[in-house]
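K.L.:
Could you have a look at this structure, given as structure tokens, before my questions?
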Amino acid sequence: MEIRARAPGKIILAGEHAVVHGSSAVAAAIDLYTQSSLHLPPSGDGGAGEVEVDLTDTGLAFSWPCSRLLEALGETCRKAELQAPRPCSPEELAAIAKLVELHEIPEAKIWLSAGLSAFLYLYTSILGCRPGKVVVSSGLPMGAGLGSSAAFSVSLSGALLTAAGVVHPEGAVGGTEWQLLGKDHLELVNTWAFQGEKIIHGKPSGIDNAVSTFGSMIKFKKGELTNLKSGNPVKMLITDTRVGRNTKALVAGVSERASRHPDAMASVFHAVNTISEELSSIVELAATDEIAMTSKEEKLAELMEMNQGLLQCMGVSHSSIETVLRSTLKYNLVSKLTGAGGGGCVLTLIPTLLSKLVLEKVTTELESHGFRCFKVEVGGQGLQIHQG
């Protein structure tokens, strides 16, 4: 049996950082995916064989004999109640960490440990110690703020739950081999993926895995999620500055600035909230002709530009981000950082009427600075399944 599942990454269109202080924010799926391919041999002795994961983008593969997993995890390695995912207990997490430590992970890739722990938790909780192999590949840059870990957790959960017979693909994605899941099944996948995200990040918001599971766009404020439907395709150029950032330090820096200047920063957060709310309304409008589309894109560009200015007020921009802003402004294009800032990725709105030649020139100039660029469509499908 082979089951493939792919889940998209995400961007923050508006509201990052301010959302921590009670403002609205808007996140959207992008058509860059992480894919998990699950290969299962015929059922046999649960103690024979091994569980393997091949992380193709890192060039590394890891495996554990099923007998070793049974020995280390005991009853926790016997399929859980799949309709009600349980959090990974501290004892189980410690046992999983010891299993991960059996492998010598290169120091430069030690960050993989958390992802491998999430893999073992999800696999053994959903399929028990049944032998199998998972091959993971991704079009998302890792650690760049585009939701790569959530896409991993969602695609893996989707493949495992499909193999377990708990979720079933329903409708096809037009003209492709991929199929979609119904709302209830997506909710279950999302719940499992969130457990994986907690192992990787500790206390995630749940936004990344929700966007990756359900796709489209989501407005979130104070823990409440509202699904948005994009009235027209929105295209962006994502520039990965390749500059690493410390998200916790950046979030703490904004909070410290807010404590030093409470009134001024309250005004900043209020302005961001207004931008997010207006942007939410605009993306759902359906532009029916070229003039209406141009007007819609101009409004989105102005809101992105204002949001970027407010992010600069919060102190989370960076010289690499400013380089992207200057480069795209030469071509009358608007950009803003997405996510934590301090490096990471920058969004540039691509107007419908922008010529291919101009886009190529912008991309070439950005790449001349050592940046990576990805042209994406925003607000598309979430998790998709293919059974071979």
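The values are calculated or read from the model by the stated rules, or taken from the named source; none is laboratory data. Because the structure is a prediction, the values reported are computed rather than measured. Neighbour counts are summed over all protein chains in view; Cβ atoms, including those assigned to glycine, are modelled from backbone coordinates with ideal geometry. Side chains are part of the model used for accessible areas, which takes the heavy atoms of the whole protein and leaves out ligands, DNA and RNA. Shrake-Rupley method; radii C 1.70, N 1.55, O 1.52, S 1.80 Å.
K.L.:
Which of the residues belonging to segment 269-297 are in a helix (DSSP H, G or I) and free of Cβ contacts under 8 Å to residues at least 24 places away in the same chain?
P.N.:
Once the filter is applied, which keeps residues that are in a helix (DSSP H, G or I) and free of Cβ contacts under 8 Å to residues at least 24 places away in the same chain, segment 269-297 yields THR274, SER281, ILE282, ILE291, ALA292, SER295.
K.L.:
If you don't mind, another one. Output the residue which, of all residues in segment 231-244 that are in contact with an Asp or Glu (Cβ under 7 Å, 6 or more places away or on another chain) and part of a loop (DSSP other than H, G, I, E, B), is farthest from ILE11 (Cα to Cα).
P.N.:
GLY231
K.L.:
Here is a list: PRO131, PRO169, PRO90, PRO65. Which entry is free of Cβ contacts under 8 Å to residues at least 40 places away in the same chain, over 24 Å from SER205 (Cβ atoms) and not small (Gly, Ala, Ser)?
P.N.:
Matching residue, one of PRO131, PRO169, PRO90, PRO65: PRO65.
K.L.:
Just to be sure, is ALA292 among the hydrophobic types (A, V, I, L, M, F, W, C) and more than 24 Å from LEU250 (Cβ to Cβ)?
P.N.:
Yes: the conditions hold for ALA292.
K.L.:
Just one of the numbered conditions (1) closer than 30 Å to PRO87 by Cα; (2) open to solvent by less than 50 Å² (accessible area, probe 1.4 Å); (3) touching a helix residue (DSSP H, G or I) at 6+ places or on another chain (Cβ under 8 Å); (4) in contact (Cβ under 8 Å) with a residue 40 or more places away in the chain is not true of LEU250; which one?
P.N.:
(3) is the only condition that LEU250 fails.
K.L.:
Scan segment 183-202 for residues that are of a type in the set (D, E, K, R), open to solvent by 10 Å² or more (accessible area, probe 1.4 Å) and in contact with a helix residue (DSSP H, G or I) (Cβ under 9 Å, 6 or more places away or on another chain) and report the count.
P.N.:
3
K.L.:
Looking for something among the hydrophobic types (A, V, I, L, M, F, W, C), open to solvent by less than 20 Å² (accessible area, probe 1.4 Å), assigned by TED's automatic domain parsing to the domain that holds GLY147 and over 14 Å from the mean Cα position of the chain (by Cα) - is there at least one such residue anywhere in segment 27-37?
P.N.:
No, that holds for no residue.
K.L.:
Somewhere in segment 236-245, is a residue among the hydroxyl-bearing types (Ser, Thr, Tyr) and open to solvent by 50 Å² or more (accessible area, probe 1.4 Å)?
P.N.:
no
K.L.:
Yes or no: PRO8 surrounded by 24 or more Cβ atoms within 10 Å (Cβ to Cβ) and outside the structural domain of LEU311 (by TED's automatic domain parsing)?
P.N.:
Yes.
K.L.:
Filter segment 201-220 down to residues that are assigned to a helix (DSSP H, G or I) and of a type in the set (Ser, Thr, Tyr) and give me whichever is nearest to THR34 (Cα to Cα).
P.N.:
Only one residue fits best here, namely SER212.
K.L.:
Right, something else. Does at least one position in segment 129-147 carry a residue that is at pLDDT below 95, part of a helix (DSSP H, G or I) and open to solvent by 10 Å² or more (accessible area, probe 1.4 Å)?
P.N.:
Within segment 129-147 (the criterion being at pLDDT below 95, part of a helix (DSSP H, G or I) and open to solvent by 10 Å² or more (accessible area, probe 1.4 Å)), the answer is no, since none of the residues qualifies.
K.L.:
Still on this model: Can you tell me which of SER155, SER205, SER216 is under 17 Å from the mean Cα position of the chain (by Cα) and crowded, with 22+ Cβ neighbours inside 10 Å?
P.N.:
Being under 17 Å from the mean Cα position of the chain (by Cα) and crowded, with 22+ Cβ neighbours inside 10 Å holds for just one of SER155, SER205, SER216, which is SER155.
K.L.:
Could you tell me which residue of segment 83-93 is surrounded by the fewest Cβ atoms within 10 Å (Cβ to Cβ), considering only residues that are modelled with pLDDT of 85 or more and assigned to a loop (DSSP other than H, G, I, E, B)?
P.N.:
Among those residues, the one meeting the criterion is SER89.
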